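Peer 1: Below you'll find the structure I mean.
Quick note: the coordinates plus some simple rules give every number you see, no bench work behind them. Note that the structure is predicted; figures quoted are calculated from it, not measured. In this analysis, Cβ positions are derived from the backbone assuming ideal geometry, glycine residues included, and neighbour counts consider all displayed protein chains.
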Amino acid sequence: MKLIFAIDGGGSRTRCIAFDEGGNLLGSGESGPSNHLLVERSTVAESINNAIRDTLADSKTTKADVSLVAAGLAGVDYDGSGAEEMRLLFRDLGYQNTLIEGDMVMAHAGALAGESGVLALAGTGSSVLAIGPNGNRVKVGGWGPVYGDEGSAYRIGQSALRAAARDFDGRGPRTGLTEAIVKALGLNSFQESVAAVYVKKMEPREIAVLSKAAYAIAQTGDEVACGIFETAGTELAECVASALIRLGPGDRISKISYEGSVITSCRLMRDSFCKYLSLKFPSVTVVPPRFSPVAGAYLLGRVKLGLENSDAILEQLAQTESNN
């Protein structure tokens, strides 16, 4: 029986799950950050080691039982940049057989069940990854908040702040976003948001949190708030369109999926995203993500071990994820 440890490592947490070759979950563990671009190597090693240690204990297995560690890591890019450094780290921890990919590659495999297609990721930040039938990869976006992060929670939060400022000044339409931001930040007036943003220096993730308050206002029918989410969906879809065009006609894509807290939870944004793509690419279908990123790591791990991702395995994996 081949045992695969699938890892989803990000900037705030590292998740590890032990799967057997039948798609059954045997145990799991969770620890701190493992993005080697943001934290020290020693911290990354500790986080990964702790997540694996807890998974070994939970699954009642030993290091010798592990056939492969398949890890999707935030500090590794779609083209494999940064993978060698992490491969050496895993070797230092005693794991020689590894598959190291970027977290977005694993998310792509999870959302599209290992098939070719395009994944749009919209969480705090945003990026798009297209993988063709021949394995060609194209990334669009992922430049961070200064460059854009179109369709991200940060961009939505920033747009909400700008719309509220226009409302407050009387140079834009009235919107419930102004009061919502005051409440979300625990302020007495909108003017105080200036100090919150500039003096306290709100980080992108803190501005991104405002997207939740903005969506609550959009759900009341507020035209300004609705417009922000419709624009976010369209801008993210434009990134997908660019990825499809850059991939080229030789790589025929039939599916587009999405992942991330914003687009999965905001139907208004998702509808705008799907509408744009259905009009521009009528032969391509937008589908909801089938599996989680950590399940994507498992599926790619199976391929590396020479195991087939059959329909029966996919059905079992779906059952496993629904039960956990």
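Peer 1: Just for helices (runs of 4 or more DSSP H) wholly inside the range 259-314: which have at least 3 residues that are crowded, with 22+ Cβ neighbours inside 10 Å?
Peer 2: 267-280, 293-304
Peer 1: For ALA232, which of the numbered conditions (1) among the small types (Gly, Ala, Ser); (2) part of a helix (DSSP H, G or I); (3) more than 29 Å from GLY186 (Cβ to Cβ); (4) under 21 Å from the mean Cα position of the chain (by Cα) fails to hold?
Peer 2: (3)
Peer 1: Considering GLY114, GLY80, which residue is farther than 15 Å from ILE256 by Cα and either assigned to a loop (DSSP other than H, G, I, E, B) or among the charged types (D, E, K, R) (or both)?
Peer 2: GLY80
Peer 1: Further question: So which residues in the range 122-161 are aromatic (Phe, Trp, Tyr) and either farther than 15 Å from MET202 by Cβ or in a loop (DSSP other than H, G, I, E, B) (or both)?
Peer 2: Of everything in the range 122-161, those that are aromatic (Phe, Trp, Tyr) and either farther than 15 Å from MET202 by Cβ or in a loop (DSSP other than H, G, I, E, B) (or both) turn out to be TRP143, TYR147.
Peer 1: Would you mind stating whether MET86 is under 25 Å from TYR258 (Cβ atoms) and in a helix (DSSP H, G or I)?
Peer 2: In short, no.
Peer 1: Considering every residue within the range 173-194, establish whether at least one is under 23 Å from GLY125 (Cβ atoms) and over 27 Å from the mean Cα position of the chain (by Cα).
Peer 2: Yes, because at least one residue in the range 173-194 is under 23 Å from GLY125 (Cβ atoms) and over 27 Å from the mean Cα position of the chain (by Cα).
Peer 1: I'd like to know if the range 19-27 contains one or more residues that are surrounded by fewer than 20 Cβ atoms within 10 Å (Cβ to Cβ), of a type in the set (S, T, N, Q) and either out of contact with any Gly (no Cβ under 8 Å at 6 or more places or on another chain) or free of Cβ contacts under 8 Å to residues at least 12 places away in the same chain (or both).
Peer 2: yes
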